[in-house]
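Bear in mind that the values in this text are calculations on the coordinates, not laboratory data. None of these values were measured; they are calculated from a predicted model. Cβ placement follows ideal geometry from the backbone for every residue including glycine, while neighbour counts extend to all protein chains displayed.
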Amino acid sequence: MSWDIAAFGLMEWLGLTALVSGTIFIILSALRKRICWIFGALSCGILVYTLTEARFYVDALLNVYYVIMAFWGWLWWGRDNGEAPVRNERNILLLLGLFVLCAASAAVIGWGLHTFTDSVYPYPDALVGTLSITATWLSARKVIQNWWYWILADFMATCLYWKKDLYFESILLFIYAVVAIYGLWHWHRLYRMKHA
């Protein structure tokens with residue numbers, strides 16, 4: 001990949017736009033700002049195209065889901081003037097069950113991708129997808145534990161995208177992972193302050 005701006009093609013500009021809007025999304029999300037969902041929808045809409053072109057089919061479909069969830073998150077976070085508190089899910093069996101469901105679903109989806117498509121990394125792609133679907137659902141409901149799923153999925157995706165020369169997308173997911181660590185800390189702090 002050329003880092004010469006004058007030599008950028010469509011994919012590089014799309015990747016850069018997704019990187020910038022996605023970075024704004026994750027920072028605003030960690031700060032619990034409702035407007036984050038607009039930037040998330042923009043970034044994910046772009047990623048649908050770039051990831052399809054790179055043959056990361058689960059991640060491309062996942063970004064369609066993210067666009068839909070961005071609208072749902074916008075509505076959900078708009079309740080109570082956007083001040084709905086973060087929730088701490090204390091049911092460890094539910095959280096572990098969700099993780100096991102992610103892994104089992106990823107095995108089935110990965111097999112399907114391996115068997116029926118030209119997906120480049122079918123099993124890791126599927127696991128990133130299932131973890132991310134769960135994380136998005138938990139995030140839209142302001143459940144603190146969403147950040148654990150994001151940390152794992154984002155670090156995995158960072159490596160996968162880099163191996164496929166999707167540098168802007170890889171940088172974006174690395175930023176997501178770092179901000180997810182901050183988000184976990186920040187949301188725990190907010191929860192403890194409210195319940196002290």
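Please give the peptides 114-124, 145-155 ranked by average Cβ packing (other Cβ atoms within 10 Å per residue), highest first, as a rough proxy for protection.
On the way: 114-124: 15.4, 145-155: 22.8.
Result, highest mean first: 145-155, 114-124.
So who's got an amide H within less than 5 Å of the one on VAL143, skipping anything under 5 residues away but keeping other chains? H placed 1.01 Å off N, in plane.
Close amide H contacts, sequence-distant or interchain: ARG87.
Straight-line reach only, C-alpha to C-alpha below 19 angstrom: list the lysines that LYS33 could link to, leaving out same-chain residues fewer than 8 apart.
LYS142, LYS194
Hey, if you drop one equal point scatterer on each alpha-carbon of the range 5-194 and run the Debye formula without solvent, what base-10 log of I(q)/I(0) do you get at q = 0.12, 0.13, 0.16 Å⁻¹?
The Debye formula, applied to the Cα set alone, gives -0.55, -0.65, -0.98.
Kindly list the residues of the range 138-177 that lie in the label zone of VAL20, defined by a backbone N under 15 Å from the point 7 Å along the Cα-to-C-beta vector.
Answer for the range 138-177: 168-169, 172.
Using the Karplus curve 6.51 cos²θ - 1.76 cosθ + 1.60 with θ = phi - 60°, what ³J(HN,Hα) values do you get for each residue of the range 102-111, in whole Hz, with x for Gly and Pro?
Each residue's phi maps through the Karplus curve to give 4, 5, 5, 5, 5, 5, 5, 5, x, 4 Hz.
With the Cα gyration tensor of the range 61-113 giving a ≥ b ≥ c as the square roots of its eigenvalues, does the rule (a/c under 1.5 for rounded; else a/b larger than b/c for prolate; else oblate) give rounded, prolate or oblate?
Judged from the Cα gyration tensor, the range 61-113 comes out oblate (a/c at least 1.5, b/c at or above a/b).
What whole number of Å gives the distance from the Cα centroid of the range 97-174 to the Cα centroid of the range 59-79?
Value for the Cα centre distance between the two parts: 16 Å.
How far apart, in nm, are two points set 7 Å out from the Cα along the Cα-to-Cβ line at VAL178 and at LEU96?
Each label point lies 7 Å from its Cα, and together they span 3.4 nm.
Compute the acute angle (0 to 90°) between the alpha-carbon long axis of helix 167-194 and the principal axis of greatest extent of the alpha-carbon atoms of the chain; round to the nearest 10°.
Tilt relative to the chain: about 0 degrees.
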